Amino acid sequence: MRLSLTVNGERREADGVWEGESLLSALREHLELPGSKNACEQGECGSCSVYLDGELVCACLVLAAQAEGREVVTVEGLAGEGDLHEVQRAFVEAGAVQCGFCTPGLVVASHDLLARIASPSDAQIREALAGNLCRCTGYEKIVDAVRLAAGRLAAAPPAGAQPLPAEEPR
Ligand code: FES
Ligand code: FES
C-alpha cells in the first residue's frame, strides 16, 4: 500500500508498505529515518518512541496504516537541520549515552516530559522515563541529563526547533 503522512514537518509518501507493517518499520525501512530504534518491537523498551499527532507512542506498536494522514515527529525532527536539541546535547554532555541504543527513545520521552513540566523533580523524571529501558547507564546520568536540559531550556528556549502539534497539557 502507499502510506502518506507528515514526518518532521514534511509531507512524505512511501510505497510498498504492507498492511501489517509497524510505523517503526515504515520510518526505518521506507522513509530513511533510522533514528528510532527497534530493540524489542513489543512495546517494552521505549527505544522506538515518537510523537504521533503530538502524543508520545511506541512506534513498534502502531501500524503504519494508523499513521495515514497524521503527523509524526521522530528524534530526527526535534532540532533544526544539522543542529542538536538541548535535550540531545545534555545527554551527550552528561555522559548519558553509552551504547546509544536506548538514547533516541529517551531523548523523545525527555523532550515530551520537558514540554509538559519545565522543571521536573527527580521523581517526575524517573516516572516519565519508566517505560524507557537502558541496559548500560544505571539511569543516574540520564536523570542528570534531563536536569541539565531543563535548566538550559528554562534559560534559553531553542530557536529553529521543529514545532510539535498543539497538545493539551496532561
Ligand atoms: S522497540 Fe518499541 S518498545 Fe521496544
Ligand atoms: S546506553 Fe546502552 S542501552 Fe542505554
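From the convex hull of the Cα coordinates of the chain, what is the mean projected area in square nanometres?
Details: hull surface 36.7 nm².
For the chain, the mean projected area of the Cα convex hull comes to 9.2 nm².
For Ala123 and Ala39, what is the calculated FRET efficiency with R₀ set at 25 Å and r taken between the beta-carbons, to the nearest 0.05?
Details: r = 25 Å, r/R0 = 1.02.
FRET efficiency, Ala123 to Ala39: 0.50.
Across region 69-160, how large is the tail of the calculated P(r) beyond 14 Å, expressed as a percent of all Cα pairs? Could the numbers behind the result be given before it?
On the way: 2589 of 4186 pairs.
Roughly 62 percent, once rounded to a whole number.
Calculate the FRET efficiency for Cys99 and Arg11 from the Cβ-Cβ distance with a Förster distance of 41 Å, rounded to the nearest 0.05.
Working: r = 34 Å, r/R0 = 0.83.
Once rounded, the FRET efficiency stands at 0.75.
Would you mind working out the magnitude of the charge dipole of the chain relative to its Cα centre, with +1 at each Lys and Arg C-beta and -1 at each Asp and Glu C-beta, to the nearest 20 Debye?
460 debye
Would you please report the Å³ per residue occupied by the convex hull of the alpha carbon atoms in region 21-115?
Working: hull volume 9.5 nm³, N = 95.
It comes to 100 Å³ per residue, whole-number rounded.
Using a Gaussian network model of the chain with C-alpha springs under 10 Å, which one of Glu76, Glu55, Glu127 is most mobile by mean-square fluctuation?
Judging by the Gaussian network model, the answer is Glu127.
Given the Cα-Cα distance of Asp53 and Ala115 and 0.36 nm per residue of separation, how much length would full extension add, in nm? Write down the numbers at each step before the final one.
Details: separation 62, 0.36 × 62 = 22.32 nm, distance 1.45 nm.
Taking Asp53 through Ala115 to full extension adds about 20.9 nm, to one decimal.
Name the trypsin sites (Lys or Arg not before Pro) in region 1-110 that are in a loop by DSSP and that have at most 10 other C-beta atoms within 10 Å, would you? Before the final figure, lay out the partial values.
Details: sites: Arg2, Arg11, Arg12, Arg28, Lys37, Arg70, Arg89; in loops: Arg2, Lys37, Arg70.
Filter output for region 1-110: Arg2.
Where does the charge balance sit around Leu24 when Lys and Arg score +1, Asp and Glu -1, over other residues with C-beta under 14 Å from its C-beta? Numbers along the way, then the final one.
Numbers: positive: Arg28, Lys37; negative: Glu21, Glu29, Glu32, Glu41, Glu44, Glu76.
Around Leu24, the surrounding residues sum to -4.
Using only alpha carbon pairs under 8 Å that are at least six residues apart, calculate the relative contact order of region 24-82 and give it in whole percent.
Values: 76 pairs, mean separation 18.4, N = 59.
It comes to 31 percent, rounded to a whole number.
How big is the equivalent ellipsoid of region 1-76 along its three axes, where each semi-axis is √(5λ) from the Cα gyration tensor, reported in whole Å from largest to smallest? Please report the intermediate quantities before stating the final value.
Numbers: eigenvalues 57, 37, 23 Å².
Its equivalent ellipsoid spans semi-axes of 17, 14, 11 Å.
What percent antiparallel are the DSSP beta bridges of the chain, to the nearest 5?
Looking only at bridges with both residues in the chain, the antiparallel portion is about 85 percent.
All other residues with a Cβ under 15 Å from the Cβ of His85 taken together, and with Lys, Arg as +1 and Asp, Glu as -1, what is their net charge? Let's see the in-between values first.
Numbers: positive: Arg89, Arg152; negative: Glu76, Glu81, Asp83, Glu86, Glu93, Asp112.
Combined, the nearby Lys, Arg, Asp and Glu give -4.
Given a 10 angstrom Cα cut-off, can you work out which residue in Gly35, Gly151, Gly43 is the most mobile in a GNM of the chain?
Gly151
All of the numbers you see were taken from the coordinates with simple rules; none came from a lab. Being a predicted model, the structure only gives us computed values, none of them experimental. Neighbour counts run over all protein chains shown; Cβ positions are idealised from the backbone, glycine included.
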